[in-house]
Amino acid sequence: MDGTLVDSTGCVKAIWGRWAEKHGIELNFILQHSHGRRTIDTLNQIAPHLDVAAEAEALEAEEITIREGMVAVGGALQLLSGLKSHQWAVVTSAGRRLATVRLEYAGLPVPLVLICAEDVLHGKPDPEGYLKAAQRLGVSPRRCVVVEDAPAGILAGRNAGMTVLGLTTTFAPEHLLGAVCVPDFTEVEFSIKPSDRRKVPR
């Protein structure tokens, strides 16, 4: 979601920047570990000496209220408008409430299948979230395309056995582990072959 459907870079930097200043930790160091990962996983890596659960809760509560500069990634709405509800899912490291708020604020639909931080035991780069999404969509992982903007997410998609497309909204192409990359969705079109169509229960 963040960096793939919703450009929330300003919000993320502002929130982590305030937290970094409070705890005397370099912001760039935090951002190197935080993109595409659950807040609690990031905190466990960068600040295990703190009360990680309490810090994660406080950060997530602040994220709900901050929306400065948040917009849909280019072409995201047009792309999603061309897909049926059983053809796409969001697998995010954000909590469900935050994911819903950000999608709606950016003017994007909330998907029928939404896998959030609280829905998995292991966050990205573990493939658990993507495998759950494929299962709920009723498709095999090999038929799925994952769109990611961060190394952790790219690894999660690959670990799930899925095709991965990189978006350069957060990292330069050279940091996206050799994935095929595009700047946004204005250059992307998904199509389904007639042989791949499936009947969906009504």
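Here the label points at Gln135 and Glu104, each 7 Å from Cα along the C-beta direction, are separated by 2.8 nm in the simple model.
Working from label points 7 Å from Cα in the Cα-to-Cβ sense, the Ser81 to Leu177 distance is 3.3 nm.
Against the criterion of solvent-accessible heavy-atom surface with a 1.4 angstrom probe, Glu21, Glu60 sort, most first, into Glu21, Glu60. Within the chain, antiparallel bridges make up roughly 15 percent of the DSSP beta bridges whose residues both belong there.
222 nm [θ] for the chain, helices only, -39500 (n - 2.57) per DSSP H run of 4+, per residue, to 500?
-11500 deg cm²/dmol
Taking the 1.4 Å solvent-accessible surface of the chain as the whole, the part contributed by carbon and sulfur is 52%. Once both labels are positioned 7 Å from their Cα atoms along Cα-to-Cβ, the gap between Arg18 and Asp119 label points is 2.9 nm.
Among the listed values (1) 1.01; (2) 1.38; (3) 1.08, the one computed from these coordinates for Cα Rg over 2.2 N^0.38 Å is (1). Partners of Lys22 within straight-line reach, counting aspartates and glutamates whose Cα lies under 18 Å from its Cα and excluding those fewer than 8 residues away in the same chain: Asp51, Glu55, Glu57, Glu60, Glu62, Glu63.
Against the empirical 2.2 N^0.38 Å (N residues), the range 43-92 has a Cα radius of gyration ratio of 1.72.
Taking a point 7 Å from the Cα of Val71 along the Cα-to-Cβ direction, the residues of the range 1-25 with backbone N closer than 20 Å to it are 1-15. What you get for the range 65-184, charging only the Cβ of Lys and Arg (+1) and of Asp and Glu (-1), is a dipole of about 400 debye around the Cα centre.
By the rule of a C-alpha distance below 16 Å, with chain neighbours fewer than 8 residues away ignored, the aspartates and glutamates paired with Lys132 are Glu118, Asp119.
Per-residue surface analysis assigns Trp19 an accessible area of about 20 Å², computed on protein heavy atoms at 1.4 Å probe radius.
What GluC sites (Glu not before Pro) does the range 68-129 have in DSSP loop regions with at most 10 other beta carbons within 10 Å?
Those satisfying the criteria are Glu68.
The values are calculated or read from the model by the stated rules, or taken from the named source; none is laboratory data. This one's a predicted model, so the numbers in the text were calculated from it and none came from an experiment. No Cβ is skipped: glycine too gets one built from the backbone with ideal geometry, and neighbour counts run over all protein chains shown. These accessible areas exclude ligands, DNA and RNA; they are computed on the full protein's heavy atoms, side chains included. Shrake-Rupley method; radii C 1.70, N 1.55, O 1.52, S 1.80 Å.
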